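Report on one structure; see the data block that follows.
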Ligand SMILES: Cc1cc2nc3c(=O)[nH]c(=O)nc-3n(C[C@H](O)[C@H](O)[C@H](O)COP(=O)(O)OP(=O)(O)OC[C@H]3O[C@@H](n4cnc5c(N)ncnc54)[C@H](O)[C@@H]3O)c2cc1C
């Protein structure tokens, strides 16, 4: 086992952290947050120039050939500054479908555009009654000659407002909750019949409600098997969960650092509040949660390319559950230790707390994954390890 | 021991409920259900209704407009108010400064202020905390210097709830900087229209506009606005903070939220069934209900002990836990309510954004869930943080 970063990985991390330290001060982030788009096109270009967009794609497709560890590094750094750009939606989620399910032609067409920063993607999947169940798809895809016609509604589509193309799940067959019969389509976000309403989310990111009203898409836009796309969805979402865990580690480490710093400078009763053991223990609990989350993120990262889907899913359930509960503990204590200051928009810690809370809500909360893991028999059921 | 309510108490509860059903404007109730922001006008409208009935300040002495109800009836009334849910009359007036004025103020002050508090003619805010003085309130620095028949006040207050609506602010100010810190403090009533007062809003993490900074620069306050004696303000402040015992656990509020969780969890679907049918979810809700029931019984014990003892003597040690448990339960319920929404807790829509439902699949009630969870982090911070409460219990109750 080797937990250290390679030289290239360290270089990547340092370069990105330098860029973000320069571009993502709290004030600057607030300015970006309040802009119409809600993210910075200028910083997006910097990411592209640094090669972040190309990072996880194969070299033969126009990428850099990075893997899950590289994505972990990037996501953690983005989390530490609460970056607002649609990196996760485009490169991790949307890009995941190209990496894991794209045909040679599809990859040749889209990967170079992503790598340049010219194409933004979003994953339009969640529906009203689906909650966290990936198999719940009511949107329909009716075959019509060489095309499919999609109809339905998708909710809380992360960065769905700015995406150029949408990865849409829709049923070619079967009832709303059946495992089979789901197709995955790459849809022009401006196609006839697509209507979108964008809005901010609680954490300052952007999302959209999307309605598909008889949207016609050519059959070449299907990823993989139009009758059996859910295994692909599950694989992409598992990798996305690993990346989201890494972002959470960035968020938690920033909250923890802010809190410990604050404990040293805030004085009450003539002494720094950090001298009160009641608060020291809370800060230590946060530290423990952070390191446990980091460990689970490494575990999830290691399992992101596992081909045994059941094995991989168990790892992601465990990691996401741990991140959810550790993140909540960290966020709530961070606000509490800051006192009134923690309750204000003017101070960074509350923004981290909100992002942390929304990470739990994305792709299954802590409870959901705990339940799934328990149903799957837990982590240690069939090993001696 | 008999833990049942008396027939009279049961009848009284019915009477209170019937009154709320009849009189609370539907639009106000609707806002209360999902913890939407209730505006100044709503408060005023509702307080006037209560005051006309003689119920705006039930706990006050009868000569100042109180009802003469004993502690149990007061509690039943408050619980029903919270559960209904209806807005509680503004605490800064009726629970904080009002009792200080009728206990320590002079007759002129009583005549001048109390009726206007009961009718919400005057909106009061609380000017205690300062940037450097939160938990260590007695270290406050805002200075008041006497010049002939005025005090000249300079300093800054912060976290001042709803100061943007306020006609008056009651302030702790330092009048004797040489004295030991608790002993040089006075309690002043300050007209918010006085020259030299500036209010700057602070936006809370949920996007709410409920707190403010209040800057005081050479504000002239007539000496007749001093409550009680100069340099005795700390005693009055302690009296004020200690007065909160029946209110602080907010059991009715949590009961209402539990009911709301049940209602909405029956609408939200999980794994093809209503979420409320999910075993794990029900266990979590049941666990909160257990906590809440235990707290309710604790609260009733405190009230019964108060009723027996009258208002003198040491408080029941059990009363110390009302703030800690009460805030924890409020936070647990707001978190669970947010969980009910699943991914639909994410959209953030500022109040008054009526584009919300076009086109949207997300239920309208979901928009308040996460903000309410975020906002309720405050309840373990203000009014003496939970850490401070534990310090007090360790020292005063456990003798450590
Ligand atoms: C939404 C909101 C509304 C408010 N409204 C009002 C209002 O209307 N009027 C008003 O006057 N004030 C108001 N307050 C202020 C509130 O009373 C203070 O926030 C509170 O007293 C804590 O002070 P602080 O924020 O300065 O935190 P600090 O006192 O700096 O505390 C920071 C942290 O240190 C902990 N701590 C401090 N001392 C100790 C100790 N000895 N041992 C262990 N831990 C300790 C605290 O528990 C907290 O976790 C409001 C606050 C909020 C958040």
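The values are calculated or read from the model by the stated rules, or taken from the named source; none is laboratory data. Quantities reported herein were computed from a predicted structural model and do not represent experimental measurements. Methodologically, a virtual Cβ is constructed for each residue, glycine included, from the backbone with ideal geometry; neighbour enumeration extends over all protein chains shown.
Across the range A:342-360, a minimum of one residue is classified as under 19 Å from residue B:385 (Cα atoms), facing chain B (nearest Cβ under 9 Å), surrounded by fewer than 21 Cβ atoms within 10 Å (Cβ to Cβ) and within 16 Å of the ligand (Cβ to nearest atom). Scanning the range A:323-348 for residues that are touching a residue at least 60 places away in the same chain (Cβ under 8 Å) and over 28 Å from residue A:28 (Cα atoms) turns up just one, A:326.
So, residue B:114, is that one part of a helix (DSSP H, G or I) and away from the ligand (no atom under 16 Å from the Cβ) or not? Yes; evaluated as a whole, the condition is true for this residue.
For every residue, the table says whether it meets (1) away from every other protein chain (no Cβ under 11 Å); (2) in a strand (DSSP E or B).
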residue: A:180; (1), (2): yes, no
residue: A:186; (1), (2): yes, yes
residue: A:196; (1), (2): no, yes
residue: A:208; (1), (2): no, yes
residue: A:211; (1), (2): no, yes
residue: A:217; (1), (2): yes, yes
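For the residues B:136, B:167, the requirement of being touching a strand residue (DSSP E or B) at 6+ places or on another chain (Cβ under 9 Å), near the ligand (Cβ under 9 Å from one of its atoms) and closer than 28 Å to residue B:372 by Cα singles out B:136. Against the criterion of being assigned to a helix (DSSP H, G or I), surrounded by 12 or more Cβ atoms within 10 Å (Cβ to Cβ) and either touching a strand residue (DSSP E or B) at 6+ places or on another chain (Cβ under 9 Å) or at positive phi (or both), residue A:33 qualifies.
In the range B:186-212, which residues are touching a helix residue (DSSP H, G or I) at 6+ places or on another chain (Cβ under 6 Å), within 13 Å of the ligand (Cβ to nearest atom) and in a strand (DSSP E or B)? Selection gives B:187, B:199, B:204, B:212.
Whenever a residue of the range B:377-392 is not assigned by TED's automatic domain parsing to the domain that holds residue B:129, its partners that are assigned to a loop (DSSP other than H, G, I, E, B) and near the ligand (Cβ under 6 Å from one of its atoms), lying with C-beta atoms within less than 7 angstrom and at least six residues away or across chains, give the pairs B:385/B:135; B:388/B:135.
May I ask you to say which residue of A:310, A:334 is surrounded by fewer than 21 Cβ atoms within 10 Å (Cβ to Cβ) and either more than 9 Å from chain B (Cβ to nearest Cβ) or assigned to a helix (DSSP H, G or I) (or both)? Among A:310, A:334, only A:310 is surrounded by fewer than 21 Cβ atoms within 10 Å (Cβ to Cβ) and either more than 9 Å from chain B (Cβ to nearest Cβ) or assigned to a helix (DSSP H, G or I) (or both).
Note on the range B:111-133: residues that are free of Cβ contacts under 8 Å to residues at least 12 places away in the same chain and within 14 Å of chain A (Cβ to nearest Cβ) amount to 2. Of all residues in the range B:337-364, those that are more than 8 Å from every other protein chain (Cβ to nearest Cβ) have Cβ atoms under 6 Å from Cβ atoms of residues that are at pLDDT 85 or above and in a loop (DSSP other than H, G, I, E, B), 6 or more apart or on another chain, in B:340/B:268. For the residues A:141, A:108, the requirement of being closer than 16 Å to residue A:170 by Cα, more than 14 Å from every other protein chain (Cβ to nearest Cβ) and more than 19 Å from the chain's Cα centre (by Cα) singles out A:141.
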